[in-house]
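Colleague: After the structure tokens below, expect a handful of questions from me.
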Amino acid sequence: MFSGDLQVLVDDLAERLGRSATIEDDNHRVIVYSSQQHQIDDVRRDSILQRRTSPEVRTWFRKFGIVSCNDPVRIPPDRARGILGRLCIPVRHRDRLDGFLWLIDDDESLTAPQVTVAETTARHAAILMHEEMLAERLASTALAHLLVQSEEVRTLAAAQVVDDGIVPAGSPVVVSVLVPESTDAGTRTLIGDCIRDVSRLHVRGEVLGVAHADHGAVLTFAPGGDRAGHAMRIARELRDCMRRRTGDVRTVVGIGEVKERLVDAQVSYRQARLSARAATRLPGVGDIAAWSALGALRAVVQLPIEAMVDSIDPRMAALFAAGDDRILDTLECYLDGGCDAQVTAGKLHLHRGTLYYRLQKAQEAADIDLRNGEDRLSAHVGFKLARLAGRYPLQA
């Protein structure tokens, strides 16, 4: 969330012009707003309550060129949508669009001198937002040092972020890792934007992150109470934000455990990365995986890829090599379902006889006995290892 200076700026403008004002970021997320004592419409009210403008209204505003313009843009009213006429002033710093300053002006009563005052405010806002962005980058560098292997570096970084006022002393920390399914040259920027969007939903310093080329590391300085639930809510916000920005590309989030000492954030980071690996490769885990909920998978997922491949039971390796998708899908579903034939048949929409036939074929092909606990364990772990190693499904 932006500093109080920006709030003072928008409050001062509202008082001088005698009308309500808001500042949004470039993704139409409300950053600050003045007291709404003057004329407002449903769009203004909803954007404040929901902290962002709806996609439909965003599209309406953008059709008037507010993204590409440098000068104030008048947006006409749309009575059907409940939109009053307003003035939009792009907030730019050296041609970079950082956001928008909005003033409702349905009767177009704002005078030229008043518009000039609003433009000056927008320029000052751009400087403040730019300074905030630079501060975020400095904080990101310090936070990145918290996640390295060297304990000496982590200790120095922990002292720095506390001394700089980035994080309060003694704050418990949880690390989440955000991983989009596909990456390209622009992924790092997208991840950084997503972290920024989510951090603005929370109080200053509560959610901070570091963007990498293929993942984002997000540190949450958990308040007291339900820390795990709080981390899960932020994980959902990260996932949903990345989906919006990438056009629904699958994104997974891994969550580490809460650490009482800032210097131990690296442990939570490692757990979060491993949890994200499980979520990426194992369909049953879901899009959000908490280390505390992975159970026995915590042992399996820590193996290096080569060790995973070597650890697959040779009988299961032969079954994978045979490549009969129906047999493999049925056996995996049966094992995941606790070897409950009724549940498996219902999930796969199979007649009970067909299920038993396929399971028998699997036992014969792999030379295993599903009545034997050791064989069931070998088969089940074999599926997890093969998925994590990218050996199953075969086209992966």
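The values are calculated or read from the model by the stated rules, or taken from the named source; none is laboratory data. No experiment lies behind these values; they were computed from the predicted model shown. Cβ placement follows ideal geometry from the backbone for every residue including glycine, while neighbour counts extend to all protein chains displayed. SASA here: full protein model, heavy atoms, side chains in, ligands and nucleic acids out. Shrake-Rupley method; radii C 1.70, N 1.55, O 1.52, S 1.80 Å.
Colleague: Using Cα-Cα distances under 8 Å and only pairs 6 or more residues apart, what relative contact order does segment 22-156 have, in percent?
Modeller: Working: 170 pairs, mean separation 25.3, N = 135.
19 percent.
Colleague: Just tell me which aspartates and glutamates come within less than 15 Å, Cα to Cα, of residue 384; anything on the same chain fewer than 8 places away is out.
Modeller: Qualifying aspartates and glutamates at Cα under 15 Å: 306, 310, 313, 329, 332, 336, 375.
Colleague: When the Cα atoms of the chain are enclosed in a convex hull and the volume is divided per residue, what value in Å³ results?
Modeller: On the way: hull volume 69.9 nm³, N = 396.
Considering the Cα atoms of the chain, their hull volume per residue is 177 Å³.
Colleague: A further question follows. What are the DSSP H helices in the chain that stretch 30 Å or more along their long axis, judged by alpha-carbon atoms, and whose average Kyte-Doolittle hydropathy comes to at least 0.0?
Modeller: Details: long enough: 112-145 (50 Å, 0.20).
Those that clear 30 Å and a mean of 0.0 are 112-145.
Colleague: Residues of the chain: accessible area per residue at 1.4 Å, in Å²? Working shown, then result.
Modeller: On the way: 18980 Å² over 396 residues.
Here the residues of the chain average 48 Å² of exposed surface.
Colleague: When the accessible area of segment 145-264 is split by element with a 1.4 Å probe, what percent falls to carbon and sulfur?
Modeller: That share works out to 50 percent.
Colleague: Suppose R0 equals 56 Å; then what is the FRET efficiency for residue 74 and residue 164 from their Cβ-Cβ distance, rounded to the nearest 0.05?
Modeller: Details: r = 43 Å, r/R0 = 0.76.
Calculated transfer efficiency: 0.85.
Colleague: If you find the alpha carbon centre of segment 144-189 and of segment 96-127, how far apart are they in angstrom?
Modeller: When both Cα centres are located, 37 Å separates them.
Colleague: Tell me what the chain gives for mean residue ellipticity at 222 nm when only DSSP H runs of n ≥ 4 count, each as -39,500 (n - 2.57), the sum divided by the residue total, rounded to 500 deg cm²/dmol. Working shown, then result.
Modeller: Numbers: 15 runs with 200 residues, N = 396.
That comes out to -16000 deg cm²/dmol.
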